[in-house]
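Only one structure is covered here, and it is reproduced in the block below.
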Amino acid sequence: MIENLVREQYGTSVNLLERGGLTEGVIIPSERECIDILRDSLTDKQITHVAEKMRRAVFQIVPQKPFADFENAINLNRWPVQGQTNLTPYIRERFAKMPSSNEIQIGLVEGQARLPSTPLIRFPLKKQEVLYKKSLPEGVTVIHPRNYSLLQLNVMLNWECIDMDDWSILEDNSKDRTYFPVGSWCDDQVRFREYFPEPGNHDVRWRSAVMISTT
């Protein structure tokens, strides 16, 4: 199953990086290398999660470049009516602090454009996070801002967009827990902002990802 996903989507993944100007200074693994790395690295529980829980698994090749490069990748491929990628000042500063390198990660993310509602919306965000992460096998995480940017870019090239009605929670591994980073398509642009976790409930979406370093 994983091998078929890689074979079907490898060319699209590489093209996405080339269209976004994200290939400079990185060594992109071959299709065969991606298959071998994932075959040797993914656990049975992770494979089962991809097969049974991910809504539309999308294979991604993700350079660990500064987030500004991913913002620029989206802007380079904007539609004629699409605005510049919008980051709030807080999120711009927070994402700028994310560690970056020429390392490559490969893996699969949950890519359905509009995720269905979930019972988790009954709970405040911090409790949602606890419950959601408990449901994930070890090594499966909440989608990272870099991966989310590539998801948006991928569907943009087909004149579509992700999360028109909702916001997806993003995990940037920051120690700052004051706010939750989120992403969406809003007002004809890709947007990233912060959500204050309390008080009240929030109708947001949770996307899973399983990513493996190629080095």
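The values are calculated or read from the model by the stated rules, or taken from the named source; none is laboratory data. Treat the numbers as computed from the prediction; the structure is a model and nothing was measured. Cβ: placed from backbone, ideal geometry, glycine included. Neighbour counts: every protein chain shown. Only protein heavy atoms, including side chains, enter the accessible area calculation; ligands, DNA and RNA are left aside. Shrake-Rupley method; radii C 1.70, N 1.55, O 1.52, S 1.80 Å.
Couple of notes before you dig in:
- Residues that are closer than 21 Å to residue 123 by Cβ and aliphatic (A, V, I, L, M) occur in the stretch 176-190; there is at least one.
- Any hit, the stretch 23-37, residues being in contact (Cβ under 8 Å) with a residue 60 or more places away in the chain, open to solvent by less than 60 Å² (accessible area, probe 1.4 Å) and either of a type in the set (S, T, N, Q) or touching a Cys at 6+ places or on another chain (Cβ under 7 Å) (or both): no
- Applying the criterion of being farther than 27 Å from residue 140 by Cβ and without any contact (Cβ under 8 Å) to a residue 40 or more places away in the chain to the residues of the stretch 48-77, the residue that is nearest to the chain's Cα centre (by Cα) is 68.
- A single member of 115, 17, 108 is part of a helix (DSSP H, G or I) and open to solvent by less than 20 Å² (accessible area, probe 1.4 Å), and it is 17.
- Number of positions in the stretch 195-211 that are at pLDDT below 95 and in a strand (DSSP E or B): 3
- Scanning the stretch 145-160 for residues being touching a residue at least 12 places away in the same chain (Cβ under 8 Å), out of contact with any Leu (no Cβ under 9 Å at 6 or more places or on another chain) and either under 15 Å from residue 207 (Cα atoms) or open to solvent by 20 Å² or more (accessible area, probe 1.4 Å) (or both) gives a total of 6.
This table checks each residue for (1) among the charged types (D, E, K, R); (2) over 20 Å from residue 16 (Cβ atoms).
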{"site": "53", "(1), (2)": "yes, yes"}
{"site": "63", "(1), (2)": "no, no"}
{"site": "67", "(1), (2)": "no, no"}
{"site": "88", "(1), (2)": "no, yes"}
{"site": "91", "(1), (2)": "no, yes"}
